[in-house]
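The values are calculated or read from the model by the stated rules, or taken from the named source; none is laboratory data. Just so we're clear, the structure is a prediction, and the values are computed from it rather than from any experiment. Methodologically, a virtual Cβ is constructed for each residue, glycine included, from the backbone with ideal geometry; neighbour enumeration extends over all protein chains shown.
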Amino acid sequence: MIKVYSITQCPWCDKAKKYLTSKGVEFEVRNIEENEDYAKECAQISGDTMVPVITEDGKNFVLGFDKAKIDALIGGN
Amino acid sequence: MGVYDFTVKTNRGVEKSLADYRGKVLLIVNTASKCGFTPQFEGLQKLYTEYKDKGLEILGFPCNQFAGQEPGTNEEVQTFCKLNYGVTFQIFEKGDVRGENAQPLFKYLVAQKKFAGFDESSPMTPILMDALQKNFPEYLEVDDIKWNFTKFLIDKNGEVIARFEPMITPESIAKDIEALL
């Protein structure tokens, strides 16, 4: 399952989620503002607290709303 | 009525009396939304790192009244947002800083230090003026806060010493802070 690390009031997070939905990709939203465990996970994956971070395996990830990179990430699905 | 009479809420919802900051030099700043080009956070963080042990506290108040209208961002391709902007100084709850619903603290601050014009020598001034005239012409008419990163410097006794408009960078006010520490 794809995970989208995000915060509230984040237009880029919203765009990423909408894009995934438009591609028919199921994903789980992990709000790092509301959940400290998610915040730690996100920081471990990307080394920062920037969002959105999109990942499936917690290793390969896409930072920000980058369609080409998102396509590459979800390509195998 | 003074700065220490106000109570505000942190971004985690904890009530904080500004009287807790008595004896500190304070820099109160209305900060930008979580996204967009906000280089002043970095400058503010540098000030904080350099002077916090000498008695400086920076208080950031996020406000989205200027959201989506940030000037000078066109060339910046940034498609992410950042939790708390990566700063370690205290960030407070989001709220209005201008207009009828402005937080009482900001109504007080602008009454103490009225708008005295922009720095005409700054390259940001014409860009900001253009953005204001196009989007919020009424903002130019009153003493209220004009844009993100308006800074109020308060001395150890709670007196509002200076107001710096958005184009005045954090780096350039280091000497003003030092003079009060």
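When you check A:THR55 against the structure, is it β-branched (Val, Ile, Thr), at pLDDT 90 or above and in contact with a strand residue (DSSP E or B) (Cβ under 7 Å, 6 or more places away or on another chain), yes or no?
Yes; evaluated as a whole, the condition is true for this residue.
For region B:68-84, enumerate the residues that are within 15 Å of the chain's Cα centre (by Cα) and either more than 9 Å from chain A (Cβ to nearest Cβ) or modelled with pLDDT of 65 or more (or both).
Once the filter is applied, which keeps residues that are within 15 Å of the chain's Cα centre (by Cα) and either more than 9 Å from chain A (Cβ to nearest Cβ) or modelled with pLDDT of 65 or more (or both), region B:68-84 yields only B:GLU70.
If I go through region A:47-64 residue by residue, how many of them are part of a loop (DSSP other than H, G, I, E, B) and not polar (S, T, N, Q)?
8
Taking the criterion of being more than 16 Å from B:PHE80 (Cβ to Cβ), more than 9 Å from chain B (Cβ to nearest Cβ) and of a type in the set (Val, Ile, Thr), would at least one residue in region A:15-25 satisfy it?
yes
Let me confirm something: among B:ASP143, B:ASP130, which residue is in contact with a helix residue (DSSP H, G or I) (Cβ under 9 Å, 6 or more places away or on another chain) and charged (D, E, K, R)?
Going through B:ASP143, B:ASP130 in turn, just one is in contact with a helix residue (DSSP H, G or I) (Cβ under 9 Å, 6 or more places away or on another chain) and charged (D, E, K, R): B:ASP143.
Kindly list, by first and then second residue, each pair from a residue in region A:35-55 that is more than 9 Å from every other protein chain (Cβ to nearest Cβ) to a residue that is of a type in the set (D, E, K, R) and in a strand (DSSP E or B), limited to pairs with Cβ atoms under 8 Å and residues at least 6 apart or on different chains.
A:TYR38/A:ARG30; A:GLU41/A:ARG30; A:ILE54/A:LYS3; A:THR55/A:LYS3
For region A:3-11, indicate whether the set of residues that are in contact with an Asp or Glu (Cβ under 7 Å, 6 or more places away or on another chain), in contact (Cβ under 8 Å) with a residue 40 or more places away in the chain, of a type in the set (Lys, Arg) and surrounded by 13 or more Cβ atoms within 10 Å (Cβ to Cβ) is non-empty.
Looking through region A:3-11, at least one residue is in contact with an Asp or Glu (Cβ under 7 Å, 6 or more places away or on another chain), in contact (Cβ under 8 Å) with a residue 40 or more places away in the chain, of a type in the set (Lys, Arg) and surrounded by 13 or more Cβ atoms within 10 Å (Cβ to Cβ).
State yes or no: is B:PHE136 modelled with pLDDT of 90 or more and surrounded by 13 or more Cβ atoms within 10 Å (Cβ to Cβ)?
It is false that B:PHE136 is modelled with pLDDT of 90 or more and surrounded by 13 or more Cβ atoms within 10 Å (Cβ to Cβ).
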